Amino acid sequence: EGTLTEYLDVMIEQVRRQVGDRKVLCALSGGVDSSVCAALVHKAVGNQLTCLFVDHGLMRQGEPEMVDELFGRHFGMALISVDAADRFYAKLAEVEDPEAKRMIIGEEFIRVFEEEARQLGETNFLVQGTIYPDIIESNSANGVVKSHHNVGGLPEDMDFELVEPVRYLFKDEVRVVGEALGLPHELVWRQPFPGPGLGVRVIGAVTPEKVRMVRESDAIFREEIALAGLEGQIWQYFTVCPGVRSTGVVAGRRTYGEAIVLRAVHSTDAMAAEVADLPHDLLRRITLRITAEVDGVNRVMYDTTPKPPGTIEWE
Ligand code: XMP
């Protein structure tokens with residue numbers, strides 16, 4: 001850890017050298033990687049940095065509010081929030097292929113950025129929270145596993161130069177750097193969240209209804225994990241809408257609803273993962289809550305697949 005905090009000074013110096021006295025835009029998502037990058041670049045070049053939070057309509061519950069509160073109010077960074085949900089939903093309508101979805105989301109992100117950047121005037125640099133596993137898994141020498149939002153999903157004609165201060169770090173190293181930068185513990189140790197957001201947790205075509213089901217069930221899952229005292233002990237836990245409908249019965253009446261899959265895994269660097277051994281009681285409680293509270297959901301399943309052979313996300 002000593003060497004990593006020394007490396008932090010090197011990274012800050014590198015950002016200063018790359019950027020000079022020009023302006024920088026940061027793609028702030030509220031995730032660990034982009035938050036650490038924002039703090040790092042803010043430390044390096046101060047108010048030359050403007051953070052842009054694009055709400056693609058695929059965020060977790062409470063996320064836009066959290067970003068505003070923490071980075072805008074608490075840290076006092078220049079923060080612009082853009083509600084672009086309609087644009088993303090329109091582009092994604094009826095697109096089923098996972099790689100096509102990732103490309104569309106990544107590309108639309110850059111379009112929104114370019115538009116905002118133009119309004120800000122001269123902005124030459126774009127900060128991205130690319131980390132080392134993103135680069136490895138997007139490397140075509142190994143065959144593309146997934147086109148990560150931060151790497152393969154970028155359009156080729158974008159007119160920013162990238163600043164990627166944590167591109168040689170693994171996740172746990174990014175967290176140590178975040179703490180060294182004075183970011184709040186809860187933020188630094190929060191679970192990772194993919195750039196394409198809930199878009200890769202609705203399998204197949206994205207609809208506002210399915211996103212709502214994932215968002216609401218995810219909020220319940222997170223709440224119950226926290227109540228069980230397991231927060232911070234599981235690398236990642238979230239819900240997926242696989243798009244499978246099944247027959248159910250409530251108060252003697254037939255239902256035909258969507259299913260929700262619970263996924264909870266332990267990992268140290270996201271390259272491999274083991275399924276978390278959640279207590280059966282807890283699974284039962286979460287199942288009852290989701291089927292009772294999330295409109296349109298009548299079945300809940302637990303994903304018992306490690307990585308490999310499964311990936312952590314379903315798409
Ligand atoms: P997979 O599903 O490939 O995910 O096992 C490994 C880790 O990466 C996260 N993930 C992403 N992170 N942009 C990101 O910044 C992305 O496009 C993306 N896709 C997956 C995933 O949540 C897991 O932690």
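The values are calculated or read from the model by the stated rules, or taken from the named source; none is laboratory data. Everything numeric here is computed off the predicted structure, so don't read it as measured data. No Cβ is skipped: glycine too gets one built from the backbone with ideal geometry, and neighbour counts run over all protein chains shown.
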Do any residues in segment 71-96 that are under 15 Å from residue 25 (Cα atoms) have Cβ atoms under 9 Å from those of residues that are in a loop (DSSP other than H, G, I, E, B), where the two are at least six apart or on different chains, and which pairs are they? 71/28; 71/30; 71/77; 77/28; 79/28
Please go through (1) surrounded by 22 or more Cβ atoms within 10 Å (Cβ to Cβ); (2) over 18 Å from residue 102 (Cβ atoms); (3) at pLDDT 95 or above for residue 223 and return the number of the only condition it doesn't satisfy. (1)
Within segment 276-285, identify whether any single residue is among the aliphatic types (A, V, I, L, M), more than 20 Å from residue 58 (Cα to Cα), within 16 Å of the ligand (Cβ to nearest atom) and not in a strand (DSSP E or B), and answer yes or no. yes
Looking at residue 304, is it exposed (fewer than 15 other Cβ atoms within 10 Å of the Cβ) and either within 12 Å of the ligand (Cβ to nearest atom) or touching a residue at least 60 places away in the same chain (Cβ under 8 Å) (or both)? no
Since residue 180 meets every condition but one in (1) closer than 21 Å to residue 301 by Cα; (2) more than 14 Å from the chain's Cα centre (by Cα); (3) of a type in the set (A, V, I, L, M, F, W, C), which condition does it not meet? (1)
Only residues that are closer than 27 Å to residue 195 by Cα and surrounded by 16 or more Cβ atoms within 10 Å (Cβ to Cβ): list them for segment 288-300, please. 290, 294, 296, 297, 300
Please determine whether any residue of segment 95-118 is more than 14 Å from the ligand (Cβ to nearest atom), at pLDDT 95 or above and touching a helix residue (DSSP H, G or I) at 6+ places or on another chain (Cβ under 7 Å). yes
Evaluation of residue 82 against (1) in a helix (DSSP H, G or I); (2) over 21 Å from residue 19 (Cα atoms) (one fails), failing number: (1)
Condition check: closer than 23 Å to residue 176 by Cα and not in a helix (DSSP H, G or I). Does residue 37 satisfy that? no
Got at least one residue in segment 83-98 being closer than 21 Å to residue 184 by Cβ and under 16 Å from the mean Cα position of the chain (by Cα)? no
Only one of 145, 166 is farther than 16 Å from residue 51 by Cα, within 15 Å of the ligand (Cβ to nearest atom) and at pLDDT 85 or above. Can you tell me which? 166
So how many residues does segment 189-228 have that are in contact with a helix residue (DSSP H, G or I) (Cβ under 6 Å, 6 or more places away or on another chain), β-branched (Val, Ile, Thr) and either free of Cβ contacts under 8 Å to residues at least 24 places away in the same chain or within 15 Å of the ligand (Cβ to nearest atom) (or both)? 3
Taking residue 291 as the residue in question, decide whether it is of a type in the set (Val, Ile, Thr) and over 20 Å from the mean Cα position of the chain (by Cα). yes
Kindly provide the set of residues from segment 268-293 that are modelled with pLDDT under 95, at negative phi and not charged (D, E, K, R), ordered by number. 268, 271
Unmet criterion (only one of (1) at positive phi; (2) within 14 Å of the ligand (Cβ to nearest atom); (3) of a type outside the set (Val, Ile, Thr)) for residue 296: (2)
Evaluate segment 213-225: report whether one residue or more is assigned to a helix (DSSP H, G or I), farther than 18 Å from residue 59 by Cα and within 22 Å of the chain's Cα centre (by Cα). yes
So, in segment 240-274, of the ones that are outside any loop (DSSP other than H, G, I, E, B) and within 13 Å of the ligand (Cβ to nearest atom), which residue ends up surrounded by the fewest Cβ atoms within 10 Å (Cβ to Cβ)? 274
Can you tell me which residues in segment 119-133 are in contact with a Gly (Cβ under 8 Å, 6 or more places away or on another chain) and more than 11 Å from the ligand (Cβ to nearest atom)? none
